[in-house]
Every structure is written in structure tokens, then in C-alpha cells.
1. Select, from Ala124, Ala152, the only residue that is modelled with pLDDT of 95 or more and within 26 Å of Asp102 (Cβ to Cβ).
2. Filter region 140-171 down to the residues that are closer than 22 Å to Trp205 by Cβ and touching an Asp or Glu at 6+ places or on another chain (Cβ under 9 Å), then identify the one that is surrounded by the most Cβ atoms within 10 Å (Cβ to Cβ).
3. Please give the number of the condition Ala124 fails out of (1) among the hydrophobic types (A, V, I, L, M, F, W, C); (2) over 22 Å from His19 (Cβ atoms); (3) not in a loop (DSSP other than H, G, I, E, B).
4. Anything in region 193-214 that is more than 19 Å from the chain's Cα centre (by Cα) and small (Gly, Ala, Ser)? List them, or say none.
5. Identify the single condition in (1) closer than 26 Å to Phe160 by Cβ; (2) part of a helix (DSSP H, G or I) that Ser119 does not satisfy, given that it satisfies every other one.
6. Kindly provide the set of residues from region 191-221 that are in contact with a helix residue (DSSP H, G or I) (Cβ under 6 Å, 6 or more places away or on another chain) and either basic (Lys, Arg) or under 16 Å from Arg110 (Cα atoms) (or both), ordered by number.
7. Which residue out of Arg134, Arg217, Arg189, Arg211 is surrounded by fewer than 17 Cβ atoms within 10 Å (Cβ to Cβ), at pLDDT 95 or above and farther than 21 Å from Trp16 by Cβ?
8. Here are some conditions: (1) surrounded by 19 or more Cβ atoms within 10 Å (Cβ to Cβ); (2) in contact with a Ser or Thr (Cβ under 9 Å, 6 or more places away or on another chain). Arg71 meets all but one. Which one does it not meet?
Amino acid sequence: MQDIRTITLDLDDTLWAIHPVIERAERRLYDWLGDNYPRITAMFSAKDVFKLRENIAVEYPGKSHDFTFLRRAVLGRLGVAAGYGDGLVDTAMAVFSAMRNDVDVFPEVRPALNTLRQSYCVVAVTNGNADLDRIGIRDLFHQVISAAAVGAAKPSRHIFDMAVQAGGADADQTLHVGDHPEADVIGARKAGLKSVWVNRNGDDWPDHLQRPDGIVRDVGELLSLLGVAER
């Protein structure tokens, strides 16, 4: 860990819990559609909407990494099918986005990243579509790399290559930190990065996978792992 110059960080389930956020956002959007476009919810259950999104991801394999594209496509098709047209898409996405970016950042995140960015180039690397300005933590990152922007999702090597390039150091001087054993740890390792697994729940590491370079319970533990004094 002595040669690390860049730290790349996953967002969802590393800096905040994402599943309750998405569930709440999808429920709010479905309720909003029922209030404003009732023929949609009369024709499509929430499960139907989810299935439609899966079908569109199969239909557009080159866009399966772009969650915003998939949601917009779903909303457009729902509107057309119910006789409303696709003019509702922008407003509906705004409803969803407001809830999707209403996250509870884990309490150690801001102080830890504020310290780390003083010594390292800190880059967000996400498969999701979080708006860091809206969440209020964009200032903690020097760069942001998203799957939608680069056209590939973790564990693809391409997104890690883009993150390394953004950080300005070599791959072996770059440390990726994330919660997912395969998408984060193994994906980073295959791209030549070092890796740290964030294991908040005390899970066992999968036996069939090569172990990460380090394991922490939360992002705050990176400071002691890297020998950085908290500021």
C-alpha cells in the first residue's frame, strides 16, 4: 500500500445503502404515475414494470449498463402503451431522481474522504447514476467515472482503465475500494489495480475468489490501513 497514489471508490453500498433508496424511489414513481397517469398503473403492475425493464435491457445489450437509459425507455413505452405518449418521461425521471439521490451517507464517509483527498487523487467509480452534486459530496472527489459515461460497467476492464487514466497514476499505484467481491475486487484486480473489500456485514469472503489486498468494515478504516492520520 506504500506506493498508492490514486484511490477509486465504489458508491452504492460502499458510501451508502442503496437497496432501500431504490425501493423507495421506485415506489414513489409508481405512485406518482398512478396519480397523474392512472391508465399506466391500471395496465401495468410494479412487477410488470420491472419485467419490462429486463426486456429492454435484453433488447439493447449495448445499453444494459446505463440505468438512466433503461428507465427512460421503460417510461416512454408505458406512456405510449397507455395512450399518453412519451412526453411524461422527463417529469417522471425528475420524480425518480429526487428520491434516488436522497441517500443517507454513512457517517464516516465525509471525514474519511476529506482526509484521503489531501494525500491521494480520489475518483468515484460507479455502475449507478447517483448525482453527487445533489447528494452533497461531489467536493470529496477529484473525478467521477460512471458506467453510463464510459460505456461499460464494473467488472469490465474498460471502466477501471478509465478510472486509472482519470487518477493519473499507474494501475499498480491505484487502489480500488468497494463492497462487491466480483464487480469491485476481482474486476479491479484483473485490471491491474490493488483492491480493498468493504465488508460492513461481516460476510465470509467467497472461497472461489482470490482474496483482496485488504478488508475493512467501512471507509473510515482506510485511514489506518493506509497509515493516514485523520484530519
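1. Values: Ala152 fails: within 26 Å of Asp102 (Cβ to Cβ).
That would be Ala124, the only listed residue that is modelled with pLDDT of 95 or more and within 26 Å of Asp102 (Cβ to Cβ).
2. Residue satisfying both the conditions and the ranking: Lys154.
3. Going through the list (1) among the hydrophobic types (A, V, I, L, M, F, W, C); (2) over 22 Å from His19 (Cβ atoms); (3) not in a loop (DSSP other than H, G, I, E, B), Ala124 breaks only (2).
4. Gly202, Gly214
5. (2)
6. Within region 191-221, Val219, Gly220 meet the criteria.
7. Arg211 is the lone residue from the list that is surrounded by fewer than 17 Cβ atoms within 10 Å (Cβ to Cβ), at pLDDT 95 or above and farther than 21 Å from Trp16 by Cβ.
8. Of the numbered conditions (1) surrounded by 19 or more Cβ atoms within 10 Å (Cβ to Cβ); (2) in contact with a Ser or Thr (Cβ under 9 Å, 6 or more places away or on another chain), the odd one out for Arg71 is (2).
The values are calculated or read from the model by the stated rules, or taken from the named source; none is laboratory data. Just so you know, these numbers come straight off a predicted model, no measurement behind them. Please note: Cβ atoms are built from the backbone with ideal geometry, for glycine as well, and neighbour counts cover all protein chains shown.
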